[in-house]
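To start, the structure itself, in structure tokens.
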Amino acid sequence: MKAIAISLIVHAPDPVTGEQVSTHERFAQVVRAAEFVEQIGLDGFGVGERHERPFISSAPTVVLSHLAARTRRIRLFTAVTTLSLLDPVRAYEDYATLDHLSEGRLELIVGKGNGSAQRQLFAVTEDDQWDRNAESYEVFRALWRQDTVTADTRFRPPLRDAEVWPRPYQRPVRVWHGSATSKASVDLAARFGEPLFSANVTNPIEPYAALIDHYRERWTHYGHDPKALTVGAGSAGLSVAATSQEARAAFQPAFAGYLAAQRRLGVEPVFATLDDYVERSSALIGSPAQVLEKVRRYHERFGHTVLHVGADAQGVSEGDHHRSLELFADAVLPTLRSELPDPPVWGPGPLDDDSRARAASSGETFLATG
């Protein structure tokens, strides 16, 4: 199993102190988190994309390009690229550039995205958001694979033998399809024979498991090799300590923040108590042995081979969260790696040999290798 850390770059007051760091410091925290994740041996780091409060992750390609220059090994993920809001041509240009700057460490998780404010900002409606997502992805996918593209599009001007530059480093890039609530994203992933990444953060296991089951059924329906099917899954929080009591105590402020957020939204919390949250949510809270048991339990239902943990501190200091991440890396991840399978493919995508030879012979170097 592989493990990645993800930040949506939430910029909000601390749930304990009420203090809010500056925008500049919040970005600096993300950079430190990515560097630390690489240092402790996790496999990847992801940055979200949101275009509404309280997130400041509206420019993930900029953030990931900087992280490409500050890291050397980890895979760099988007989480998620909100293609329902974007012009696929412009998105392709940004990500193909990032693919080169990262030396082929880019992985895309694409999805519709959520939130009414960002839909309004981009004039996307609830009625057309899924159609936009599918069309944008089909164009984006074609641009990555073909030197010229013709497409009769509804939501942007049609393309006629369009050439878009630069050509990418990875051919093709690996694309995951983010899934939270809808069968539409699941079906899109299965249709193209591409991996699924379950959000798996808001509810108990059942609705996510049902979507993954649907993905497996559609994968078979579209005639893909069952051995190539790949699932990733998120987690709703991380607090690993020597004992369960220490882990729960450390997570209590974050859980209080969760309850307060639900109250502000005027909705009943899915998990009313910390005990319920620890037991029924996907959060990894407890001793290393308890965290291992929960990941195994979810793996039995999902069959996932990539796990996402939170990159950001929730109600604790940055140092305390880093210690929790380090204990996860030292005392949990080695067992997961030995017991559970890796994804069918990991590392750079299947870049063709001719492209590799051209790059080597030309002496090309990029920012991420300096």
Can you give me the C-alpha center-to-center distance between segment 180-203 and segment 8-31, rounded to a whole angstrom?
30
Do the sum for the chain: with -39,500 (n - 2.57) for every DSSP H run of n ≥ 4, divided by all residues, what is the mean residue ellipticity at 222 nm, to the nearest 500 deg cm²/dmol?
-14000 deg cm²/dmol
For q = 0.19, 0.25, 0.32 Å⁻¹, what log10 I(q)/I(0) does segment 1-54 give under the Debye formula with an equal point scatterer on each alpha carbon and no solvent?
-0.74, -1.03, -1.23
For the ranges 152-161, 1-10, what's the packing order if you count other beta-carbon atoms within 10 Å of each residue, average per peptide, and put the highest first?
1-10, 152-161
Using the alpha-carbon atoms, what tilt in degrees (0 to 90, nearest 10) does helix 244-265 show relative to the longest principal axis of the chain?
70
Considering only SER65, SER338, SER235, give the residue with the highest GNM mean-square fluctuation for the chain, with springs between Cα atoms whenever their separation is below 10 Å.
SER338
In degrees between 0 and 90, to the nearest 10, how far off the longest principal axis of the chain does helix 23-40 point, with axes built from Cα atoms?
90
So how far, in whole Å, is the C-alpha centre of segment 219-233 from the one of segment 120-159?
24
Cα pair distances in the chain, grouped into 20 Å bins until the bin that holds the longest one, percent each:
28, 61, 11, 0
Could you tell me how far the Cα centroid of segment 63-99 sits from the Cα centroid of segment 251-293, in Å?
31
Relative to the first principal axis of the alpha-carbon coordinates of the chain, what is the inclination of helix 353-362, with its axis defined by its Cα atoms, in degrees from 0 to 90 and to the nearest 10?
90
Kindly put HIS221, HIS66, HIS321 in sequence by how many other C-beta atoms sit within 10 Å of each C-beta, fewest to most.
HIS221, HIS66, HIS321
Which value, in debye to the nearest 20, describes the size of the charge dipole of the chain about its Cα centre when Lys and Arg Cβ atoms bear +1, Asp and Glu Cβ atoms bear -1, and nothing else is charged?
120
If the cut-off is a Cα-Cα distance under 28 Å, which lysines reach LYS294, setting aside same-chain residues fewer than 8 apart in sequence?
LYS2, LYS183, LYS227
Of all DSSP beta bridges in the chain, antiparallel share, percent nearest 5:
10
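All of the numbers you see were taken from the coordinates with simple rules; none came from a lab. If you're wondering where the values come from, they're calculated on a predicted model, not measured in any experiment. Note that each Cβ is placed from the backbone with ideal geometry, even for glycine, and that neighbours are counted across all protein chains shown.
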